[in-house]
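The values are calculated or read from the model by the stated rules, or taken from the named source; none is laboratory data. Remember, it's a predicted structure, so these values are computed and weren't measured experimentally. Ideal geometry is used to build each Cβ from the backbone, glycine not excepted, and the neighbour counts take in all protein chains shown.
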Amino acid sequence: MLLDCSHGLDEWKSTTFFSEAGLLELQKKIKEAFEVFDHEANDTVDVREIGTIIRSLGCCPSEGELHDLIAEVEEEEPTGYIRLEKFLPMMVKVLSERRYRPIPEDLLLQAFEVLDSAKEGFLTKEELVKYMTEEGEPFTEEEMEEMLSAALDPETNTIQYRDYLAMMVIDEN
Amino acid sequence: MGCSHSVHNETKKSEKAMKAAVLIQNWYRCYKARLELRRRQALNIFENIEYADEQDQMQLAKFFAFMLEHYVKNKSSADNLPKIFNPEPKRKSDEETIISLIEVPDTYYGPRLKFPLTFADVVLLIDAFKENQILHARYVLEVLLEAKKILQQMPNIIHISSTVSKELTICGDIHGKLDDLFLIFYKNGLPSGNNRYVFNGDFVDRGQNSMEVLMVLFSFLLVYPNDVYLNRGNHEDYLMNMRYGFTKEIMQKYKQHGAKILHLLEEVYTWLPIGTLIDKKVLVIHGGIADNTDLTVLEQMKRNRMRSVLMPPLVPAVFDPRHGHFSHELPPPAMLAMEQLTKYEWDQIVNILWSDPRSRKGCYPNTSRGGGCYFGPDVTENILTKFGLKMIIRSHECKPEGFDICHDGKIITVFSASNYYEEGSNRGAYLKLSHDTTPRFFQYQSSQITQAKTLHERVDIVENAAFRILGERMIIRKTNLIQAFRKYDPNDTGKISLSDWAKATEEVLELHLPWMSLCPRLVKTIEDGYVLYNMGFKDLPVVRAPKVAKAGMVETLVRYRSDLKIIFNIIDKDQSGLISMDEFRAMWKLFCSHYNIDIEESHVDQLAHSMDLNKDGSIDFNEFLTAFDVVHRATNKL
């Protein structure tokens, strides 16, 4: 993970972030993530990949917030492509201002507990699917399937969310 | 109490639920994005290395030219000229006789084919291949021979018409993946009079069943010669096969008659048409075009003279028309010059087989692959207009979704080998053309296993495979890498900055990859943003070599292994697998001088002697080369 969640807002001034070398390294990292999707090596990426790029750099904007970010970097007349020269400064700002921080594990657990109205420690498959595909910023069928493939305990047809989260954390590291 | 209070509670509850849902969705999408980045990075690694390999080939082609020049300069006799530069004219009766002498023993329980082939024979063949049976060499040769006869009658570019009643399906690269071919047949039906197919090249190499794929395709060609069309791809090239696996597959499956099969195959390839033109408007070719692509020239040339992309025609200056003889004294078979394409014609074909579309305008050398061009939308526009075409359907590049559309809908890429780089790497696709309607695409991904694994597991698999081949590339340049790191560390502190490490690595490996983000996965120790390069790399494979070989030489031999294999094969006149010590030494000297390799002759001698196990003065070069290998240590990874 690029950034550690626990620093308070005041602390960013004292981090290495704003040293010149630190800024340079940050720019390099953003460029590298951008280049993965820059198939023709001409400093542009398809606008549909921007969400993936921003999220892979450690930020967690919602779909709505993502739309706003894209609007900031799109051309006056949208071409379907985003240029690096617009993306880079925006992303540097977002990262150095620590916007769209990733969700800490405990908050995530709480979210599952909210959905678990019966307070049984698990969600049924139907419950999860209903919430994920009907509420909030709904999942596509593919997203739902993918989440279930890892989250669903096939024997009980339930999502044991504590175990699921624990596994996801290990996976990431 | 009262209704309003509980309604208020309900609203609060559902608001909370919505917030919770958004949180979870948000988190999941971020998780997914990070996996997607890793997957794409892995694919980039594969692609980069694949193209870098293709580039290496071009160096090999130059070496052959260099070799030939050397022989010519030394006025070597015809005997010493490697056979490859001096192909013997083939006699038809010879081939048929040789084949008819091959007996199929009673103990052979595989499919037995009767010629002329019928649909029933092909079904038999398919069923047998599904049972993993191997077709007997006799039948392989017969199929190849019959296929050659049919192909010889075809023009360079086949003109067909789409009709309202008959479907036309176009498939891209298959690369020996029999599963994908069967999946296409399952979804789309077997080829027949009413179900026409165009296969757009690259049937072989890389996959495990190139022979079976080829046999199925050629068999259908024999049964439905007017409804099945096979275009030549850049891998329908016997020298490419030596590098990319098909030759090895043949020698393993056909120990006794493999050489005969390779020999005939070499010729059959040259007779494959180079393109298909549908309704005079849709051109189907394997790679792409260049700004000077000329369909007239392509239709008129003698296509069977294009033997391999690694054997460009000799420089015309060799023949001196003023004096009516060759300015160097060429060995007698100066027939050589007359059996060639002109350089112009040769370039035309190479562009068709190797080029890639890009969004940048213009036409410029395809530096990734080392052959063909990159062509922009303006080139496409010009060529389409010039020849009255509507669009070009091509293959040659692996696409995550199996197909891609660019240049404003005028260039379509279709790629039919799913999981090309690794299980889970990409989908395959085919397209269907009906009369005057837009093409329809169909996608698939073979392998049950892909479905059962979670997203994370699938990405792990692709990523691990990518890092394995990256590791192979790094280990054979380890000495150069350490040298490069030292240059950035003039005070010999043992540390260099992350960005210097990235620069050095890119310089040495000649691969443009996101080295800064790959670094933590490749090196053992990073402290405060500095790489301790003496602490070594993580999980690199090891190089296995005979003890007597010196370190510098080992890396060179492993690095150039596939090139050397090709070169040795060429020198081996009688295809016995053996070359003499003298031949080895002479070739090695040439090789080192051309590739700028600095290795003491005594080392080579020592090594060659140690390999001469029979002590009879000849070297089994296959044994020699397999003694040098890159081996992965067993890891806990999937």
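Within segment B:214-252, restricting attention to residues that are in contact with a strand residue (DSSP E or B) (Cβ under 7 Å, 6 or more places away or on another chain) and among the hydrophobic types (A, V, I, L, M, F, W, C), the residue that is nearest to B:Ala120 (Cα to Cα) is B:Phe220. Filtered by the rule that a residue be more than 7 Å from chain A (Cβ to nearest Cβ) and under 11 Å from A:Val114 (Cβ atoms), segment B:13-43 gives B:Lys13, B:Ser14, B:Glu15, B:Lys19. Between B:Lys478, B:Lys453, the distinction of being modelled with pLDDT under 90, touching a helix residue (DSSP H, G or I) at 6+ places or on another chain (Cβ under 8 Å), more than 28 Å from B:Leu35 (Cβ to Cβ) and among the basic types (Lys, Arg) belongs to B:Lys478 only. If you take the residues in segment B:137-161 that are among the basic types (Lys, Arg) and touching a helix residue (DSSP H, G or I) at 6+ places or on another chain (Cβ under 8 Å), which one is surrounded by the most Cβ atoms within 10 Å (Cβ to Cβ)? Per the criteria, the residue is B:Lys148.
The listed residues are A:Glu142, A:Glu146, A:Glu135, and the only one of them that is within 21 Å of the chain's Cα centre (by Cα), buried (at least 17 other Cβ atoms within 10 Å of the Cβ), of a type in the set (Asp, Glu) and over 18 Å from A:Leu107 (Cβ atoms) turns out to be A:Glu146.
On the basis of being closer than 30 Å to B:His263 by Cβ, surrounded by fewer than 19 Cβ atoms within 10 Å (Cβ to Cβ) and in contact (Cβ under 8 Å) with a residue 12 or more places away in the chain, does B:Ser576 make the cut?
Spelling it out, it is not the case that B:Ser576 is closer than 30 Å to B:His263 by Cβ, surrounded by fewer than 19 Cβ atoms within 10 Å (Cβ to Cβ) and in contact (Cβ under 8 Å) with a residue 12 or more places away in the chain.
Within segment B:87-118, the set of residues being within 31 Å of the chain's Cα centre (by Cα), more than 20 Å from B:His257 (Cα to Cα) and either modelled with pLDDT of 85 or more or not in a loop (DSSP other than H, G, I, E, B) (or both) comprises just one member, B:Leu117.
Taking segment B:354-393 as the range and being out of contact with any Cys (no Cβ under 6 Å at 6 or more places or on another chain), within 30 Å of B:His435 (Cβ to Cβ) and either outside the structural domain of B:Thr293 (by TED's automatic domain parsing) or among the hydrophobic types (A, V, I, L, M, F, W, C) (or both) as the test, the residues that pass are B:Ile383, B:Leu384, B:Phe387, B:Leu389, B:Met391, B:Ile392, B:Ile393. Take the residues of segment A:149-173 that are of a type in the set (Asp, Glu) and surrounded by fewer than 13 Cβ atoms within 10 Å (Cβ to Cβ): which is nearest to the other protein chains (Cβ to nearest Cβ)? Selected residue: A:Glu172.
What are the residues in segment A:55-73 that are in contact with a helix residue (DSSP H, G or I) (Cβ under 7 Å, 6 or more places away or on another chain) and either among the acidic types (Asp, Glu) or assigned to a helix (DSSP H, G or I) (or both), if any?
Across segment A:55-73, the qualifying residues are A:Arg55, A:Ser56, A:Leu66, A:Leu69, A:Ile70, A:Glu72, A:Val73.
A residue that is of a type in the set (Asp, Glu) and within 9 Å of chain B (Cβ to nearest Cβ) occurs nowhere in segment A:114-130. Cβ separations smaller than 8 Å between residues 6+ apart or across chains give the following pairs from segment B:246-271 residues that are within 30 Å of B:Leu298 (Cα to Cα) to residues that are assigned to a helix (DSSP H, G or I) and among the hydroxyl-bearing types (Ser, Thr, Tyr): B:Phe246/B:Ser210; B:Thr247/B:Tyr238; B:Leu262/B:Tyr238; B:Leu262/B:Thr247; B:Leu265/B:Tyr238; B:Glu266/B:Tyr238; B:Tyr269/B:Tyr238. For segment B:135-166, a residue qualifies if it is in a helix (DSSP H, G or I) and of a type in the set (Val, Ile, Thr), and the qualifying residues are B:Val140, B:Val143, B:Ile150.
Table: residues versus (1) in the same structural domain as B:Asp237 (by TED's automatic domain parsing); (2) crowded, with 16+ Cβ neighbours inside 10 Å; (3) more than 30 Å from B:Arg243 (Cβ to Cβ).
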{"site": "B:His8", "(1), (2), (3)": "no, no, yes"}
{"site": "B:Lys13", "(1), (2), (3)": "no, no, yes"}
{"site": "B:Ile24", "(1), (2), (3)": "no, yes, yes"}
{"site": "B:Phe46", "(1), (2), (3)": "no, yes, no"}
{"site": "B:Leu60", "(1), (2), (3)": "no, yes, no"}
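In this structure, does B:Leu513 turn out to be in a loop (DSSP other than H, G, I, E, B) and either within 14 Å of chain A (Cβ to nearest Cβ) or touching an Asp or Glu at 6+ places or on another chain (Cβ under 7 Å) (or both)? When the stated conditions are applied, B:Leu513 passes them.
Within segment B:176-199, does at least one residue satisfy the condition of being among the hydroxyl-bearing types (Ser, Thr, Tyr), in a loop (DSSP other than H, G, I, E, B) and loosely packed, with under 12 Cβ neighbours inside 10 Å? So far as segment B:176-199 goes, no, none of its residues is among the hydroxyl-bearing types (Ser, Thr, Tyr), in a loop (DSSP other than H, G, I, E, B) and loosely packed, with under 12 Cβ neighbours inside 10 Å.
Looking at (1) over 27 Å from B:Ser576 (Cβ atoms); (2) surrounded by fewer than 22 Cβ atoms within 10 Å (Cβ to Cβ); (3) of a type outside the set (S, T, N, Q), which is the one condition that is false for B:Gly233? The one condition B:Gly233 does not meet is (2). Being farther than 17 Å from B:Arg38 by Cβ, over 18 Å from the mean Cα position of the chain (by Cα) and assigned to a helix (DSSP H, G or I) is the filter; apply it to segment A:27-49 and report the residue that is farthest from the other protein chains (Cβ to nearest Cβ). Step by step, filter segment A:27-49, then rank; the result is A:Gln27.
When A:Thr79, A:Thr52 are checked against the criterion of being of a type in the set (Ser, Thr, Tyr) and either more than 8 Å from every other protein chain (Cβ to nearest Cβ) or not in a helix (DSSP H, G or I) (or both), A:Thr79 stands alone in meeting it.
If you filter segment A:89-129 down to residues that are hydroxyl-bearing (Ser, Thr, Tyr) and outside any helix (DSSP H, G or I), you find that the one that is surrounded by the most Cβ atoms within 10 Å (Cβ to Cβ) is A:Tyr100.
Does B:Asp563 qualify as being at positive phi and either of a type outside the set (S, T, N, Q) or within 13 Å of chain A (Cβ to nearest Cβ) (or both)? Walk me through it before giving the result.
Details: at positive phi: no; either of a type outside the set (S, T, N, Q) or within 13 Å of chain A (Cβ to nearest Cβ) (or both): yes.
So B:Asp563 fails the test.
Just one of the numbered conditions (1) in contact (Cβ under 8 Å) with a residue 24 or more places away in the chain; (2) more than 30 Å from A:Glu25 (Cβ to Cβ); (3) not aromatic (Phe, Trp, Tyr) is not true of B:Asp404: (1).
The residues of segment A:19-71 that are aliphatic (A, V, I, L, M), under 30 Å from B:Cys406 (Cβ atoms) and surrounded by 14 or more Cβ atoms within 10 Å (Cβ to Cβ), listed by number, are A:Ile30, A:Ala33, A:Val36, A:Val45, A:Val47, A:Ile50, A:Ile53, A:Ile54, A:Leu57, A:Leu66, A:Leu69, A:Ile70.
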